[in-house]
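The values are calculated or read from the model by the stated rules, or taken from the named source; none is laboratory data. Quick caveat: nothing in here was measured; it's all calculated off a predicted structure. Backbone-built Cβ (ideal geometry, glycine too); neighbour counts: all protein chains shown. Each accessible area value is taken on the protein alone, full model and side chains, heavy atoms only, with ligands, DNA and RNA left out. Shrake-Rupley method; radii C 1.70, N 1.55, O 1.52, S 1.80 Å.
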Amino acid sequence: MAVGYYEAKLNSEKLFQVYDTALPRLRQYFEAEIEFVRERIKSTDIVLEIAAGYGRIVRELAPYATRVLGTDISPASVVLSKDYLNRHKNASVEFGDVHVMDFQEDFDVLLGLQNALSAVGGEPGGIIARCMRALKPGGVAYFSTYSEKFWESRLAWFHEQARKGLIGALDMEKTTDGVIVCDDGFTARTFSVSDFETLGAASGYPFKIQEVDASSLFLIIEKP
């Protein structure tokens, strides 16, 4: 997804509508991804989520950690997060650009979920390097993308978004091999297992790849 598109067209209330889906398989996917992380964080953890939007995942994880901070490049989404998170004093979303963030060993857990490495654009290896610098020794980063097994459900979700007027109609001639292209310029890419293997190896840290719910593919990187 182009960052400019996200800032201009798919933020705040529109982003909220993206996740307000009528598709049961999508709701299962959302919950499975959160549950996978929730089972792996500790009550003492300080958590950072990049590309956090209005704080959907931040709010879900807040009861299970000491502190959950989200960052997002959309000022409108940050404003919406104030009300969305107002009952969780240990949770917030702040304006921030992952391409220039400069946290230094401040967090126990870092999250880049919902295909965040694609959504934020730029060179994913450089983003991962910045994220790893943000982790304390012993910290863990979780990056997720879509499993190739989830392709049909993902298409149904994007068709639903198009019907709502949140994105343009899908260009089915160009939509293939994990890449969704819309006629308004929106493009959503994914990472394959081999892509994640390359990124994990390039990070210089121990890593593993795990599929969850036949919908998400996780790259998990540990900082010794």
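Taking a spot 7 Å from the Cα of D171 along the direction of its beta carbon, which residues of the stretch 123-157 have an amide N less than 20 Å from it?
What the label zone holds, given the 20 Å backbone N cut-off, is 155-157.
Through the Karplus equation 6.51 cos²θ - 1.76 cosθ + 1.60, θ set to phi - 60°, convert the phi angles of the stretch 129-140 into ³J(HN,Hα) values in whole Hz; use x for Gly and Pro.
3J(HN,Hα) across the stretch 129-140, in whole Hz: 4, 5, 5, 5, 5, 6, 8, 5, x, x, x, 9.
I'd like to check one number: the per residue accessible area of the stretch 105-224, probe 1.4 Å, reported in Å² as a whole number. Each step should come with its number before you reach the end.
On the way: 5040 Å² over 120 residues.
Accessible area per residue: 42 Å².
Past the 31 Å Cα-Cα mark, which pairs from K14/K174; K82/K136; K149/K174; K89/K136; K14/K136? Please list the in-between numbers first.
Details: K14/K174 24 Å; K82/K136 27 Å; K149/K174 19 Å; K89/K136 23 Å; K14/K136 35 Å.
Violating the 31 Å Cα-Cα cut-off are K14/K136.
Is the C-alpha gyration tensor of the stretch 27-115 telling us rounded, prolate or oblate? Criteria: a/c under 1.5 is rounded; beyond that, a/b larger than b/c is prolate, otherwise oblate.
On the way: a/c = 1.33, a/b = 1.15, b/c = 1.16.
In terms of gyration-tensor shape, rounded.
Which value, in Å² and to the nearest 10, is the accessible area of W151 when all protein chains are kept and the probe is 1.4 Å?
That residue has around 60 Å² of solvent-accessible surface.
Show that you can apply the helix-only estimate: for the chain, add -39,500 (n - 2.57) for every DSSP H stretch of four or more residues, divide by all residues, and state [θ] at 222 nm to the nearest 500. Could you put the intermediate results ahead of the total?
Values: 9 runs with 85 residues, N = 224.
Result for the chain, helices only: -11000 deg cm²/dmol.
Using a 1.4 Å probe on the protein chains only, how many percent of the accessible area of the stretch 34-180 belongs to carbon and sulfur?
Working: 3150 of 6290 Å².
It is 50 percent, rounded to a whole number.
Indicate, rounded to the nearest 5 percent, the antiparallel portion of the DSSP beta bridges found entirely in the chain. Before the final figure, lay out the partial values.
Working: 17 of 34 bridges.
The antiparallel fraction comes to roughly 50 percent.
What order do S74, S43 take when sorted by accessible area (1.4 Å probe), most exposed first? If you can, show how the numbers build up before the last one.
Details: S74 0, S43 90 Å².
The most accessible residue leads, giving S43, S74.
Provide the per-residue ³J(HN,Hα) series for the stretch 60-65, in order, calculated from phi with Karplus coefficients 6.51, -1.76, 1.60 and θ = phi - 60°, each as a whole number of Hz, with x at glycine and proline positions.
Once rounded to whole Hz, the list reads 5, 8, 3, x, 10, 9.
Given 0.36 nm per residue, what is the gain on full extension from A22 to E222 after removing their alpha carbon distance, in nm? Numbers along the way, then the final one.
Working: separation 200, 0.36 × 200 = 72.00 nm, distance 3.60 nm.
Net length gain for the segment: 68.4 nm.
From the Cα gyration tensor of the stretch 72-224, with a ≥ b ≥ c the square roots of its eigenvalues, which class applies: rounded if a/c is under 1.5, or else prolate if a/b is larger than b/c, or else oblate? Could you put the intermediate results ahead of the total?
Numbers: a/c = 1.97, a/b = 1.24, b/c = 1.58.
It is oblate, given that a/c is not under 1.5 and a/b is not larger than b/c.
Could you compute the FRET efficiency for K136 and A76, with r as their C-beta to C-beta distance and R0 at 30 Å, rounded to 0.05? Spell out each step's value before the answer.
Details: r = 32 Å, r/R0 = 1.05.
Once the sixth-power term is evaluated, E becomes 0.45.
I want to check the label-to-label distance for E31 and Y64. Put each point 7 Å from Cα in the C-beta direction and report it in nm to one decimal.
Between E31 and Y64, the label points sit 1.4 nm apart.
Which of E33, E123, E94 moves the most in a Gaussian network model of the chain with Cα springs under 10 Å?
Comparing E33, E123, E94 in the GNM, the peak value goes to E123.
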